[in-house]
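K.L.:
Quick one: structure below, then a few questions.
The values are calculated or read from the model by the stated rules, or taken from the named source; none is laboratory data. Computed from a prediction, not measured in an experiment: that's the story for all the values here. As a convention, Cβ positions derive from the backbone with ideal geometry for all residues, glycine included, and neighbour counts pool all protein chains shown. To get the accessible areas, we keep the full protein, side chains included, count just its heavy atoms, and leave off ligands, DNA and RNA. Shrake-Rupley method; radii C 1.70, N 1.55, O 1.52, S 1.80 Å.
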Amino acid sequence: MNTRDSLERFREFWTEFVQVKSGLVGLALLLSFLLLSIIGPLVVPFPDALSHWHDINYWQDNPDAAPPAWTNLLPWVGKKGCVSRLITSYKTEKVEEDNGVVLMKYSFAYDYRWDKAPRDIVVRFQGSGQVPVMISIARPDGLSAELYREQLDLAEGDVGRVSVARNCGQQVIEFVRSRNEDLAANLNPDLIKPIRILFSKLDANIENDPEPLKGTYTVTLSALILTDQFRLEKPAIQVSGDVSGLMGTDVSKRDVFTGVVIGIRWALIIGILTSILTVLVGVVLGVVAAYFGGATDWVLNRLYEFVYLMPVLPFLIVISAIFKPTIWTLIGIICVFFWTGPYKPVYSMALQIREETFVEASRALGASRRRIIFRHIVPILLPYSFAVMALSIPGVIVYEASVSLLGLGDSSIVTWGQILHDALTQGAVINNLWWWVIPPGLMIALMGMSFAFIGTALDKILHPKLRTR
Amino acid sequence: MYRTYVLKRIVYGTLMYIVMVFTYSALFNSVAEQTMRSQIGEEVAQEMSRYKNLDKDQFQTLMQKRLADKRQKYHLDDPLGARIFWRAVNTLGFNYGNATIIKAPNGDKSVLVIILEALPRTIVLFSSEVVLITVFGVWIGLYAARKPNGFLDRATSALTMITNGMPSWWLGMLMIMFFSYAVPIFPSGGLHSNPTPTGLANVADFLWHLSLPLLTLVILGVWGTAYLTRNIVLTNLQEDYVMAARARGIPERRVLFGHTLRSAMPAIVTMAVLSLFSSIAGNIIVEGIFGWPGIGNLYFVAVEQNDVPVLMGTLSIETLVNMLGFVLLDVIYGFLDPRIKVGGKA
């Protein structure tokens, strides 16, 4: 078979394939999955999430259990929650004082237009050395408050973090007192939510039912650079609100959308790798059993029945619970079970092909058995096996997800099954955190669907029996 | 003739089951022994607490003797091959030993008792699933076959592919979220309300708890059966006897339900039996989600508690049930299709 031949064949196959609509839908879905798995790190809001999925510190500035941001657009949502966002654009201002000391000012503009105040505002920067830092906020009504003034001592590579909700309660009361003594007298420093006061109009309702003050706020981070050793890099503020991102966050503050996108890669790897391996093994064994016959046939068929009759999922669960395999071992174990899929159809087809004249002819020409099997019989059977392969992928993905759901997955990777395990064990179902449950499962279903569509289309085109219909 | 065929299948199935049990025994040898050793240690320590009045040396000798006896009883000092053999023999005799943590409601720690407690519930859930799926699947399939390429037909084949890769436990989670919390119609899990009502109300309560997991399984499973029924019926509708029946002016309804369904039924019944046994193994996670205290839920609990004997016991029982199913299927096959029992090769 030379290249032109196979090109011609492929073209023939393609003209048939485009006529099956469901096959095209499946292919389009699969291609978008592939694309997403490649450009994933570019589209997700947390590109380092893959290596930090279980790192609590990485996610600490996100809100926990926040619904997706677009829920604000739903007509029955009355009070619009503040959307979480990371603000990295800022204006710098450098003030040189007489004694050689430099005051650096980083100002972040934040446009606040929601009905509920943010849960927290975290000012973050990387730096090293000792430095006095000051944080202040200017409100749209012209008032401004000093929130924080402290000498920070950072080791190399440390991240400076100041949480307004946690670190600035007293300062906020001072701010209210400077405007209105009576109001401040009523405020209990242990009970107030500093952020809510900062983002509300200063009137009598401030304590119980504050009215949001919408407009542009400016948060300013000022650092007094005393010596050359001090550096301050990558300043940013993280607004943590009631809603967050495309798919919300889980109770560990992780961004669900990021997790779901990272999961695509593993679903594809698991599905495609298993199916390629199982098809190769199944086809070769099927052909070998059919071609050699006799004892080989008997042994391979008994092996087939042995594996086929074993309860796959219980076995996978037990073996994962006892041996805690890595994802690669798990793929290997799944392969042990799934080669039976293509084996039987290939076996019965190979039985027929064995008797064909061209096989007899090449045997008469003195071709070795290996040559006959790999050059003549396997190439005929491979295309159909691709259909079998595509149809078995959904099963493989569901099995991996089921094992992960029980908490037996490989913890060094992120799969949809593991996200659902966290959701199940951390009360997503009971607390109705639907944005945590629906996306990963939907992705499993969509991924399975795309392969099922492709597989059925391939089956229609390539199945030798169905063709005659 | 048929009897020899049946006998052959049974013997073959038994042999296969024995081979599988031996495989498990070899595969999980070290962890099973480790568990057994620690169990023996605990047992002996408990026994010895009665002999506090003995002096130190006597105490030690007695304890060593008890430990050695127990080790001998469980063949723990034998060579590797013998240990694997004896454990497999124990498993084949339903002698699964004691659970490490899990207990049956009456406090019994025997794995067999725990499993037998759970097994009927699994059977209830999944047999009712298969009955409903078969009834509705055949019904939908028949109507889909009546108008090939009609709306119902297209919907059936599309839904078959959509539900193909959808994990039933995920749908279960959504069902609980919707029907137990958002719109509280059904209980979120369990077998009975607390306190459990008596009499007829008890049955109603049981059915009420059964309905949500059942609904989940049926919604997902019905499409595959419908699609297969549609294919079988569609092939049968091309037959001459259907044309003859139509020519005689027999109403379409009767052609469909009387003539076609009757000849398609054997194939559909085998399919239903097959799906019964594949679903027992495949849908075990659904039980865990709904807290339905069957075999599947036992997996959840055993994995959580890392209870090795229970895991191994459930795996063996599951394998046995699976094997029984396939032998039964072969037997039914042979009964319905005489060609099979004559054919030489499997």
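K.L.:
Condition first: touching a residue at least 24 places away in the same chain (Cβ under 8 Å) and more than 30 Å from B:Met323 (Cβ to Cβ). Can you find one or more residues in the stretch B:223-231 that meet it?
P.N.:
yes
K.L.:
Among the residues of the stretch A:331-342, is there at least one that is assigned to a helix (DSSP H, G or I), open to solvent by 10 Å² or more (accessible area, probe 1.4 Å) and in contact with a Leu (Cβ under 6 Å, 6 or more places away or on another chain)?
P.N.:
Looking for residues that are assigned to a helix (DSSP H, G or I), open to solvent by 10 Å² or more (accessible area, probe 1.4 Å) and in contact with a Leu (Cβ under 6 Å, 6 or more places away or on another chain), one finds at least one in the stretch A:331-342, hence yes.
K.L.:
Right, here's the next one. So which helices (runs of 4 or more DSSP H) stay within the stretch A:161-264 end to end and still have 1 or more residues that are more than 29 Å from A:Val102 (Cα to Cα) and of a type in the set (Val, Ile, Thr)?
P.N.:
Because the criterion is at least 1 residues that are more than 29 Å from A:Val102 (Cα to Cα) and of a type in the set (Val, Ile, Thr), the helices (runs of 4 or more DSSP H) in the stretch A:161-264 that meet it are A:169-179, A:194-198.
K.L.:
Against the conditions (1) open to solvent by 40 Å² or more (accessible area, probe 1.4 Å); (2) within 14 Å of chain A (Cβ to nearest Cβ), where does B:Asn90 fall short? Just the number, please.
P.N.:
(2)
K.L.:
Evaluate the following for A:Ser200: is it at pLDDT 85 or above and not aliphatic (A, V, I, L, M)?
P.N.:
no
K.L.:
Restricting to the stretch B:44-66, and then to whatever is in contact with a Phe, Trp or Tyr (Cβ under 9 Å, 6 or more places away or on another chain) and surrounded by 11 or more Cβ atoms within 10 Å (Cβ to Cβ), can you tell me which residue is modelled with the lowest pLDDT?
P.N.:
Per the stated criteria, the residue is B:Tyr51.
K.L.:
When you go through (1) within 21 Å of B:Ile18 (Cα to Cα); (2) among the aliphatic types (A, V, I, L, M); (3) more than 35 Å from the chain's Cα centre (by Cα); (4) open to solvent by less than 20 Å² (accessible area, probe 1.4 Å) one by one for A:Ala290, which number turns out not to apply?
P.N.:
(1)
K.L.:
Residues that are in contact (Cβ under 8 Å) with a residue 24 or more places away in the chain and buried (at least 18 other Cβ atoms within 10 Å of the Cβ): which helices (runs of 4 or more DSSP H) entirely in the stretch A:1-94 hold 3 or more of them?
P.N.:
A:21-43
K.L.:
Can you tell me which residues in the stretch B:315-326 are more than 7 Å from chain A (Cβ to nearest Cβ), open to solvent by less than 30 Å² (accessible area, probe 1.4 Å) and not small (Gly, Ala, Ser)?
P.N.:
Passing the criteria: only B:Ile317.
K.L.:
Additional query: Could you check the stretch B:157-198 and list, in sequence order, the residues that are more than 7 Å from chain A (Cβ to nearest Cβ) and β-branched (Val, Ile, Thr)?
P.N.:
Hits for the stretch B:157-198 are B:Thr160, B:Thr163, B:Val183, B:Ile185, B:Thr196, B:Thr198.
K.L.:
Please enumerate the residues belonging to the stretch A:164-187 that are at pLDDT below 80 and of a type in the set (A, V, I, L, M).
P.N.:
A:Leu183, A:Ala184, A:Ala185, A:Leu187, listed by residue number.
K.L.:
Let me ask something else. Among (1) under 30 Å from A:Lys460 (Cα atoms); (2) touching a Gly at 6+ places or on another chain (Cβ under 8 Å); (3) not in a helix (DSSP H, G or I), where does B:Ala144 come up short?
P.N.:
Condition not satisfied by B:Ala144: (3).
K.L.:
Say we look at the stretch B:97-122 and pick out the residues that are touching a residue at least 24 places away in the same chain (Cβ under 8 Å), of a type in the set (A, V, I, L, M, F, W, C) and touching an Asp or Glu at 6+ places or on another chain (Cβ under 7 Å); which of these is most open to solvent (accessible area, probe 1.4 Å)?
P.N.:
Applying the filter and picking the extreme gives B:Ile101.
K.L.:
Restricting attention to the stretch A:357-374, report how many residues are touching a residue at least 12 places away in the same chain (Cβ under 8 Å) and open to solvent by 50 Å² or more (accessible area, probe 1.4 Å).
P.N.:
Of the residues in the stretch A:357-374, 2 are touching a residue at least 12 places away in the same chain (Cβ under 8 Å) and open to solvent by 50 Å² or more (accessible area, probe 1.4 Å).
K.L.:
Still on this structure: If we keep just the residues of the stretch A:296-315 that are under 16 Å from A:Lys344 (Cα atoms) and among the β-branched types (Val, Ile, Thr), which is most open to solvent (accessible area, probe 1.4 Å)?
P.N.:
Result: A:Val299.
K.L.:
If you scan the stretch A:115-134, which residues turn out to be surrounded by 20 or more Cβ atoms within 10 Å (Cβ to Cβ) and either under 20 Å from A:Leu198 (Cα atoms) or aliphatic (A, V, I, L, M) (or both)?
P.N.:
A:Ala117, A:Pro118, A:Arg119, A:Asp120, A:Ile121, A:Val122, A:Val123, A:Val131, A:Val133
K.L.:
Residues B:Leu125, B:Leu174, B:Leu159, B:Leu142: which one is touching a helix residue (DSSP H, G or I) at 6+ places or on another chain (Cβ under 9 Å), open to solvent by 20 Å² or more (accessible area, probe 1.4 Å), hydrophobic (A, V, I, L, M, F, W, C) and in contact (Cβ under 8 Å) with a residue 12 or more places away in the chain?
P.N.:
B:Leu159
K.L.:
Is it true that A:Asp209 is among the charged types (D, E, K, R) and either outside the structural domain of A:Gly157 (by TED's automatic domain parsing) or crowded, with 23+ Cβ neighbours inside 10 Å (or both)?
P.N.:
Answer is no for this residue.
K.L.:
Somewhere in the stretch B:188-200, is a residue open to solvent by 30 Å² or more (accessible area, probe 1.4 Å), modelled with pLDDT of 85 or more and of a type in the set (A, V, I, L, M)?
P.N.:
For the stretch B:188-200, residues open to solvent by 30 Å² or more (accessible area, probe 1.4 Å), modelled with pLDDT of 85 or more and of a type in the set (A, V, I, L, M): absent.
K.L.:
How many of the residues making up the stretch A:276-298 are part of a helix (DSSP H, G or I) and within 13 Å of another protein chain (Cβ to nearest Cβ)?
P.N.:
5
K.L.:
Please go through (1) open to solvent by less than 30 Å² (accessible area, probe 1.4 Å); (2) closer than 23 Å to B:Ala32 by Cβ; (3) within 13 Å of chain B (Cβ to nearest Cβ) for A:Tyr347 and return the number of the only condition it doesn't satisfy.
P.N.:
Of (1) open to solvent by less than 30 Å² (accessible area, probe 1.4 Å); (2) closer than 23 Å to B:Ala32 by Cβ; (3) within 13 Å of chain B (Cβ to nearest Cβ), only one is false for A:Tyr347: (2).
K.L.:
Quick check on this structure: which one of B:Ser110, B:Ser157 is closer than 30 Å to B:His209 by Cβ and small (Gly, Ala, Ser)?
P.N.:
B:Ser110
K.L.:
Let me ask something else. Regarding B:Ile84, is this residue in a loop (DSSP other than H, G, I, E, B), open to solvent by less than 60 Å² (accessible area, probe 1.4 Å) and over 30 Å from B:Gly334 (Cα atoms)?
P.N.:
Against the criterion (in a loop (DSSP other than H, G, I, E, B), open to solvent by less than 60 Å² (accessible area, probe 1.4 Å) and over 30 Å from B:Gly334 (Cα atoms)), B:Ile84 does not qualify.
K.L.:
Taking the stretch B:165-192 as the search range and keeping residues that are part of a loop (DSSP other than H, G, I, E, B) and touching a Pro at 6+ places or on another chain (Cβ under 7 Å), which one is farthest from B:Gly137 (Cα to Cα)?
P.N.:
If we take residues in the stretch B:165-192 being part of a loop (DSSP other than H, G, I, E, B) and touching a Pro at 6+ places or on another chain (Cβ under 7 Å), then B:Leu191 is farthest from B:Gly137 (Cα to Cα).
K.L.:
Among the listed residues B:Gln34, B:Gln39, identify the single one that is in a helix (DSSP H, G or I) and either within 14 Å of chain A (Cβ to nearest Cβ) or open to solvent by 70 Å² or more (accessible area, probe 1.4 Å) (or both).
P.N.:
Going through B:Gln34, B:Gln39 in turn, the sole match is B:Gln34.
K.L.:
Sort through B:Ile250, B:Ile285, B:Ile340 and tell me the only one that's open to solvent by 10 Å² or more (accessible area, probe 1.4 Å), of a type in the set (A, V, I, L, M, F, W, C) and either at pLDDT 90 or above or assigned by TED's automatic domain parsing to the domain that holds B:Pro148 (or both).
P.N.:
B:Ile250
K.L.:
So, one more: Need at least 1 residues that are at the interface with chain B (Cβ under 10 Å from one of its Cβ atoms) and of a type in the set (Phe, Trp, Tyr) per element, so show me which helices (runs of 4 or more DSSP H) inside the stretch A:371-469 make the cut, counting only ones lying wholly within it.
P.N.:
A:378-405, A:416-425, A:434-462
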